[in-house]
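The values are calculated or read from the model by the stated rules, or taken from the named source; none is laboratory data. Remember, it's a predicted structure, so these values are computed and weren't measured experimentally. Note: ideal-geometry Cβ built from the backbone for every residue, glycine included; neighbour counts use all protein chains shown. Surface areas here come from the heavy atoms of the whole protein model, side chains and all, with no ligands, DNA or RNA. Shrake-Rupley method; radii C 1.70, N 1.55, O 1.52, S 1.80 Å.
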Amino acid sequence: MHIVDGALSNPVVIGGAVAAAGGIALGLRALPLERIPAAGVLSAAFFVASLIHVPIGPSSVHLILNGLAGLILGWAAFPTLFVGLLLQAVFFGFGGVTVLGINTVNIALPAVLVGLAFRPLIPRSGPAMAALLGGVAGALAIALTTLGVAVSLMLTGQEFLTAAHLIFVAHLPVIALEGLLTGFAVLLARKVKPDLFTALQGTGT
């Protein structure tokens, strides 16, 4: 779901960079030392999952796992996902450097939103319900990311309207797959390390 260099107008690129900088700053403040290993694992998971992508117009289709990052890290998903995007842009040319900010916002902000909405519910739920909540969070994060990409393109110009519609339709299978993967990941984490969903509670993240 990377937007490529040169596809967006300068105001959208600059606005995305400013918003990403704010999100990263908040995320670094919300990242406790004990959560850094989890952040590293999730950044690596995002990096690997999104290496396999199918280009579609000015964007691409691939797995992201940002819903899982948001459930575990909250605001710390911003710097975590930014690192993955930066490495992909530098080493593989995915997306690009000038659009790094808006790509970070489109991927990390939905992660934060689903984390705020669903993470407090998971520790209070049974395994099946926790998995269901995780699945909904994972699917919703991708849907919101797709919406963010579409809005970014439409703010640039009406000529991207068709591409924005195509990107959303093309991501429907990804939305379903991310929901399944995140649901199973939450179910597994609840069994082996349930404190992943409780350690950040009360920190405002």
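If you take the residues in the range 119-151 that are among the polar types (S, T, N, Q) and under 16 Å from A170 (Cβ atoms), which one is modelled with the highest pLDDT?
Among those that are among the polar types (S, T, N, Q) and under 16 Å from A170 (Cβ atoms), it is T145.
Hey, can you tell me all the residues within the range 105-133 that are among the basic types (K, R) and either open to solvent by 30 Å² or more (accessible area, probe 1.4 Å) or within 15 Å of T145 (Cβ to Cβ) (or both)?
Matches in the range 105-133: R124 only.
Pairs, please: C-beta under 6 Å, at least 6 apart or cross-chain, first residue under 11 Å from N66 (Cβ atoms) and in the range 128-147, second among the basic types (K, R)?
So the pair list comes out empty.
Do the conditions hold for L153, that is, is it within 26 Å of G70 (Cα to Cα) and open to solvent by 40 Å² or more (accessible area, probe 1.4 Å)?
For L153, the condition - within 26 Å of G70 (Cα to Cα) and open to solvent by 40 Å² or more (accessible area, probe 1.4 Å) - is not met.
Is there any pair linking a residue in the range 162-173 that is free of Cβ contacts under 8 Å to residues at least 24 places away in the same chain to one that is outside any helix (DSSP H, G or I) and open to solvent by 90 Å² or more (accessible area, probe 1.4 Å), with Cβ under 8 Å and at least six apart or on different chains, and which?
Short answer, once both residue conditions are applied: none.
List the residue pairs whose Cβ atoms are under 6 Å apart, where the first residue sits in the range 1-14 and is at pLDDT 90 or above, the second is in a helix (DSSP H, G or I) and surrounded by 23 or more Cβ atoms within 10 Å (Cβ to Cβ), and the two are 6 or more positions apart or on different chains.
From residues that are at pLDDT 90 or above, the pairs are V12/S152.
Here is a list of conditions, (1) under 15 Å from L65 (Cβ atoms); (2) open to solvent by less than 10 Å² (accessible area, probe 1.4 Å), and I167 meets all of them except one; can you say which number that is?
Result: I167 passes all but (1).
Just give me the residues in the range 19-46 being farther than 21 Å from L71 by Cβ and either surrounded by fewer than 13 Cβ atoms within 10 Å (Cβ to Cβ) or within 14 Å of the chain's Cα centre (by Cα) (or both), in sequence order.
G22
Among the residues of the range 78-104, write down those that are open to solvent by less than 60 Å² (accessible area, probe 1.4 Å) and touching an Asp or Glu at 6+ places or on another chain (Cβ under 8 Å).
G95, G96, V99
State which residue is farthest from V83 (Cα to Cα) when the search covers only the range 5-18 and only residues that are β-branched (V, I, T) and surrounded by fewer than 19 Cβ atoms within 10 Å (Cβ to Cβ).
Filtering the range 5-18 for residues that are β-branched (V, I, T) and surrounded by fewer than 19 Cβ atoms within 10 Å (Cβ to Cβ), the one farthest from V83 (Cα to Cα) comes out as I14.
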